[in-house]
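Data first, discussion second: the structure below is written as C-alpha cells.
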Amino acid sequence: MTHDHDLVLRPTPAQAEAALNPPPGRNGGDLVVETLAGLGATTVFGLPGQHALGVFDALRRSDLRYVGLRVENNAGFAADAYGRVTGEAAPLLLSTGPGALTSLAALQEAAAASAPVLAISSQIPTRGLGGGRHGYLHELPDQAASFRGVVKSVHTVRAQSQIPSALEAAWKSALTAPHGPVWVEIPQDVLLAETTIPVVTVGDAFPEELPPRPELTAVAADLLSKAARPAIIAGGGVVRADASGKLRQLAERLDAPVVTTFGGKGAFPWTHPLSLQSWLEDRHTTDFLEDADVLLVIGSGLGELSSNYHTFKPRGRVIQIEADLGKLEANHPALGIHADARLAIQALLETAPERRDPTAPERVRTVLSRVRERIASQELTLEQQLLASVRTALPADSPSFWDMTILAYWAWSAFDPEGSNHMHSAQGAGGLGYGFPAALGAAVADPTRPVLAVSGDGGALYSVAELATAKQYDLNVTWLIVDDGGYGILREYMTDTFGQATATELTRPDYVALAESFGVPARRTTPESLETDLAKALASPGPSVVVLPAVLRMFAPTHLG
C-alpha cells in the first residue's frame, strides 16, 4: 500500500546530470532562485541592496522574471496583488535593515487580506548574528523580531544547505489556508559564498488542505435547512478559496440572502435576486442580518468594517467558517468551523437539503430599496455619478485596485466588481499608497487586460515614484487620481468631530505634468467627461494617468446614533 507521504519526486535525467555536475560560479543566491523556480515561481519583485547582491546576481543566471520597483513598500504591494490575482506565492526580494523594514506596511496589508507573499531578505554576515553590536551596515539586534507580529511564519537561514528547505517550508506556509505573507532571511555571506551544493531541480509546492470537521458541517447543515430566516455573510475567504460558484449554489439551495464584506467583493453576483450587495455600513442591512435566525458567516472574522463598526449584534444562531483559527468566535459566539471556505461550502452542499422561501427575493428588494432611499436623501449625486462612470468605463473582466480614498470608500459599498477576485483595496490594514503599485503587480500577472488603480492625491504622493516602474516595464495600468487638495476622508472626519480640520491640506504637484515627465500619457478630466476619458485611457496599451479635480463627500454613517 502506497501513501502520499511515501511518494518521492524523482529528477529527470537532465536534472540528475545537472545535480551531479553543477555548473561553476554558483553561489548561495543561485540556491535561492533555483529553489523558487523549482517551486513554480516565474516572477519576483523587489529592490537590490548591498547585503542582497548575491541573490540579485543569481537572477541573471535564472529564467525568473524580475520586476523592480522604486520603494520596498510598493514592491510589497505589487507582490501582494500578484498573489491575490494568481493565487501563487509572490516572491519579494529585499535587502537588510532599512530596506526590509520599509516593507512592513505592505506585509501588514498582505497579512490582513491573506495575500500569499514570500518575502526573502538578506541579513548581516553570520558572525554578526546573535544580538551583539558589531557595527555592520543595516545591523539590527533581531531583524526577524520586527516581522514576527506581522507575517505568518519566520524562517532564518544560517547555512547554504538550509536554503531549499527553508524556502519550501515558507512557500507552503504562505499558500496554506489562510494564505498570508511569510519571512525568510539569509545572511550576506551565505548568499555570496560559492556553493558546491547540486542544482536545486524540484520542490514540494503543495500546501496542506484545511477540510472541515464532518460532525460540525452536519450540525450546520441541519441548522440551515430548518431555519426560518437564514442569511449569509460572505467574506474575503470565499474569494481567496475561489468558492464563489459554490457559494451561489448553496445560497440558491437554501434561498438565503447574501451580503458580501468589503474584502469579499465579487463573492456573490451583484444583481442576483438573493444579493444584498455589500452595504454593510448601513443600518437597514445590519437590522436584516440581526433578524436572521441562522446566520452563516463564511471567510470573515466580522471585524470592524464587516460589523458596521461593531454595532452588529446578531440575535440568532451564528455559524462561522474561517480558515484563520484566531478569528473563530473572536467577535461573536458561534458554531465555529475551522476550514477553507471552498471545502466547507462543498461539505454543506453535500449534506444540506433544499429549503424553499419564496419571500426571500422580496425581502432583499425591500432592504436595497431602503438603502437607496437613505442615500438619495443626502444629495450625493456627484459621488454616485463618478462611481457609475468608472463602472461603465472599466471592462467587465478587468481588475481594479483602490487606495484609501473617499471614492474607494464608496466603492466598498456601492461598486459592482462584475466578477470574483476583480476588486481589491487596502481595507485589510488601511494603509495609504496601495492602489497604484498593487495595480502594477496585477498587470505583471496578466498583461492581456487593462488594470485600473484609483487613488486620492494624498495616497498618490506615496506612489509617484512607481510611474518610472510603469514606464520601464510598459505595464497596462490606468491610474485615476481624484485630486481634492488633501487627505479628504480625514478632512471629513475632523470637521465632523471637531468642527474644523487640521493637518489635512496638501500642496501637490501638477499630476498631469508629473506623469508626462516620466513619459506616461496623462489627461485632466471632469465629472462629465470622466467616463469617456477613462475608457480611452484603459483602451490604450501601456500606462496612463487620468486626473480628476473633485471634492467628494461620504454618505452619512449609521453606526453613531
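The values are calculated or read from the model by the stated rules, or taken from the named source; none is laboratory data. Since the structure is predicted, the reported quantities are computational estimates derived from the model, not experimental observations. In this analysis, Cβ positions are derived from the backbone assuming ideal geometry, glycine residues included, and neighbour counts consider all displayed protein chains. Side chains are part of the model used for accessible areas, which takes the heavy atoms of the whole protein and leaves out ligands, DNA and RNA. Shrake-Rupley method; radii C 1.70, N 1.55, O 1.52, S 1.80 Å.
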- Task: Quick one: go through segment 541-561 and flag any residue whose amide nitrogen is under 11 Å from the point 7 Å out along the Cα-to-Cβ line of L382.
- Result: 549-554
- Message: So if each residue of separation counts as 0.36 nm, and I subtract the Cα-Cα distance between R65 and E354, what length gain in nm does that give?
- Response: 99.1 nm
- Query: Summing +1 for each Lys or Arg and -1 for each Asp or Glu, what net charge is found among the other residues whose Cβ lies under 11 Å from the Cβ of T96?
  - Reply: -2
- Task: With only Lys, Arg, Asp and Glu charged, each at its Cβ (+1 for the first two, -1 for the last two), find how big the charge dipole of segment 207-321 is about the Cα centre; round to the nearest 20 debye.
- Result: 100 debye
- Message: Between R127 and D474, what's the calculated FRET efficiency when r is the beta-carbon distance and R0 is 51 Å? Round to 0.05.
- Response: 0.70
- Given R₀ = 51 Å, FRET efficiency for E252-R148 by Cβ-Cβ distance, to 0.05? 0.70
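What does the charge dipole of segment 106-245 about its Cα centre add up to, to the nearest 20 debye, if the Cβ of each Lys and Arg holds +1 and the Cβ of each Asp and Glu holds -1?
With only Lys, Arg, Asp and Glu charged at Cβ, the dipole is about 380 debye.
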- Net +/- balance of residues flanking D287 in space, Cβ distance below 11 Å, scoring K and R +1, D and E -1: +1
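Relative contact order of the chain, please, whole-number percent, based on alpha carbon pairs below 8 angstrom and at least 6 residues apart. Numbers along the way, then the final one.
Details: 1266 pairs, mean separation 72.3, N = 561.
Answer for the chain is 13 percent.
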- Message: What are the ³J(HN,Hα) couplings of segment 506-511, residue after residue, when phi is run through the Karplus curve with 6.51, -1.76, 1.60 and θ = phi - 60°? Round to Hz, x for glycine and proline.
- Response: 10, 7, 9, x, 6, 5
- If the label point sits 7 Å along Cα→Cβ of D222, residues of segment 297-335 with amide N under 17 Å come out as 317-320, 335
- Message: Under the rule of at least 5 residues apart or a separate chain, name every residue whose amide H is placed under 5 Å from the amide H of V545.
- Response: W479, A522, R523
- Only Lys, Arg, Asp and Glu count, each charged at its Cβ (+1, +1, -1, -1), so figure out the dipole size of segment 408-513 about its Cα centre, rounded to 20 debye. 200 debye
- Message: I'd like to compare 29-42, 255-268: which one has the highest average count of other Cβ atoms within 10 Å, and what's the full order after that?
- Response: 255-268, 29-42
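What ranking do 63-71, 224-232, 325-333, 44-52 get when scored by the average of other Cβ atoms within 10 Å per residue, highest first? Walk me through the intermediate numbers first.
Working: 63-71: 17.3, 224-232: 20.3, 325-333: 14.8, 44-52: 23.8.
Going from most to least packed, we get 44-52, 224-232, 63-71, 325-333.
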- Item | Amide H partners (placed H, <5 Å) of V44, local residues excluded | R65, Y66, V67
- Within segment 50-68, the residues whose backbone N lies under 18 Å from a label point placed 7 Å from the Cα of A465 along the Cα-to-Cβ direction are 50-53, 67-68
- Message: Can you list which of the DSSP-assigned H helices in the chain have a Cα extent of 20 Å or more along the long axis and an average Kyte-Doolittle score of at least -1.0?
- Response: 72-86, 360-376
- Note on the structure: Excluding ligands, DNA and RNA, the carbon-plus-sulfur percentage of the accessible area of segment 197-273 with a 1.4 Å probe reads 53 percent
- Please list the non-local residues whose amide H lies under 5 Å from the amide H of A550, H modeled 1.01 Å from N, same-chain partners needing a gap of 5 or more. D483, D484
- What's the local net charge at E322, with K and R +1, D and E -1, over the other residues with C-beta under 10 Å away? -2
- Relative contact order [Cα under 8 Å, 6+ residues apart], segment 410-561, whole percent: 23 percent
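Send over a whole-number figure in Å² for the accessible area per residue of the chain, probe 1.4 Å.
Values: 22240 Å² over 561 residues.
That works out to 40 Å² for each residue.
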- Would you work out which of A119, Q385, L101 lies farthest towards the positive end of the dipole of the chain? Charges go on Cβ: Lys and Arg +1, Asp and Glu -1. Q385
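Among 159-169, 496-506, 519-529, how do they line up from the highest to the lowest mean number of other beta-carbon atoms within 10 Å?
The peptides rank, most packed first, as 159-169, 519-529, 496-506.
With all protein chains present, how much of the accessible area of segment 433-511 (probe radius 1.4 Å) comes from carbon and sulfur, to the nearest whole percent?
Numbers: 1550 of 2950 Å².
Summing carbon and sulfur atoms, their accessible area is 53 percent of the total for segment 433-511.
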- Task: Post the alpha-carbon centroid distance, segment 487-532 to segment 370-435, in whole angstrom.
- Result: 17 Å
- Given the rule -39500 (n - 2.57) for each run of at least 4 DSSP H residues, summed and divided by the residues of the chain, what is its mean residue ellipticity at 222 nm, to the nearest 500 deg cm²/dmol? -11000 deg cm²/dmol
